[in-house]
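The values are calculated or read from the model by the stated rules, or taken from the named source; none is laboratory data. None of these values were measured; they are calculated from a predicted model. Cβ placement follows ideal geometry from the backbone for every residue including glycine, while neighbour counts extend to all protein chains displayed.
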Amino acid sequence: MAYDENNIFAKILRGDAPSIKLYEDDKTFAFMDVMPQAPGHSLVIPKFPAENLFDLDEDYAAAMARTVKKLAPAVKKAMEAPGIMIAQLNGAEAGQTVYHIHTHIIPRWDGIDLKLHAREMANMDELKAQAEKIMAALG
Ligand code: AMP
């Protein structure tokens, strides 16, 4: 399948769709997931038109990993989460729903189950408050 320039994350990267931004550098962009599976659920995307890991340029794969390494501790600290799950889905069969590669950073707490994937819109004020805390933890 050819990369669709009109997928929602491509639009976010172009500034054609809104996002609650957490971090940006020359090769990556990070923002809040609007249908979070847990409070603080964040996404990191490369600034490269790839649907999945198999299409992704190596330098951008490395850049995405670096940004995850930078952002995950900030999410952990800001959300006071004992555990952090990192996930990256490739293909519909794996659960992928947006076809611009992305890495999920999802806080986990003992006894709190994940919410369903990409299902329920969060309250935007709550997401913005979480984003403020995460950016403060990023320094
Ligand atoms: P995946 O199923 O791995 O492709 O994940 C896509 C993720 O993108 C899901 O967790 C969705 O909740 C999230 N998502 C979909 N649309 C948006 C959007 N406009 N802004 C932020 N996150 C989104």
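A few points about this structure:
- Selection of the range 39-70 for residues being over 24 Å from Tyr3 (Cβ atoms) and buried (at least 23 other Cβ atoms within 10 Å of the Cβ) yields Gly40, His41.
- Among (1) within 15 Å of the ligand (Cβ to nearest atom); (2) outside any helix (DSSP H, G or I) - the single one Ala2 does not satisfy: (1)
- Yes/no for Lys77 being within 11 Å of the ligand (Cβ to nearest atom), basic (Lys, Arg) and either at pLDDT below 95 or touching a helix residue (DSSP H, G or I) at 6+ places or on another chain (Cβ under 8 Å) (or both): no
- Neighbours by Cβ (under 8 Å, 6+ apart or cross-chain): first from the range 54-66, without any contact (Cβ under 8 Å) to a residue 24 or more places away in the chain; second part of a loop (DSSP other than H, G, I, E, B): Asp57/Phe48; Asp57/Ala50
- Residue that is nearest to the chain's Cα centre (by Cα), among those in the range 39-53 that are more than 11 Å from the ligand (Cβ to nearest atom), touching a residue at least 60 places away in the same chain (Cβ under 8 Å) and at negative phi: Val44
Yes/no per residue for (1) basic (Lys, Arg); (2) at pLDDT below 95; (3) touching a Ser or Thr at 6+ places or on another chain (Cβ under 7 Å):
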residue: Phe48; (1), (2), (3): no, no, no
residue: Asp55; (1), (2), (3): no, no, no
residue: Ala63; (1), (2), (3): no, no, yes
residue: Lys70; (1), (2), (3): yes, no, no
residue: Pro73; (1), (2), (3): no, no, no
residue: Ile86; (1), (2), (3): no, no, yes
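- Residue in the range 77-98 that is more than 13 Å from the chain's Cα centre (by Cα), over 17 Å from Arg119 (Cα atoms) and touching a residue at least 60 places away in the same chain (Cβ under 8 Å) present: yes
Every residue, every condition in (1) small (Gly, Ala, Ser); (2) outside any loop (DSSP other than H, G, I, E, B); (3) more than 29 Å from Ala50 (Cβ to Cβ); (4) more than 16 Å from the ligand (Cβ to nearest atom), yes or no:
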{"residue": "Tyr99", "(1), (2), (3), (4)": "no, no, no, no"}
{"residue": "Ile105", "(1), (2), (3), (4)": "no, yes, no, no"}
{"residue": "Leu114", "(1), (2), (3), (4)": "no, no, no, no"}
{"residue": "Asp125", "(1), (2), (3), (4)": "no, yes, yes, no"}
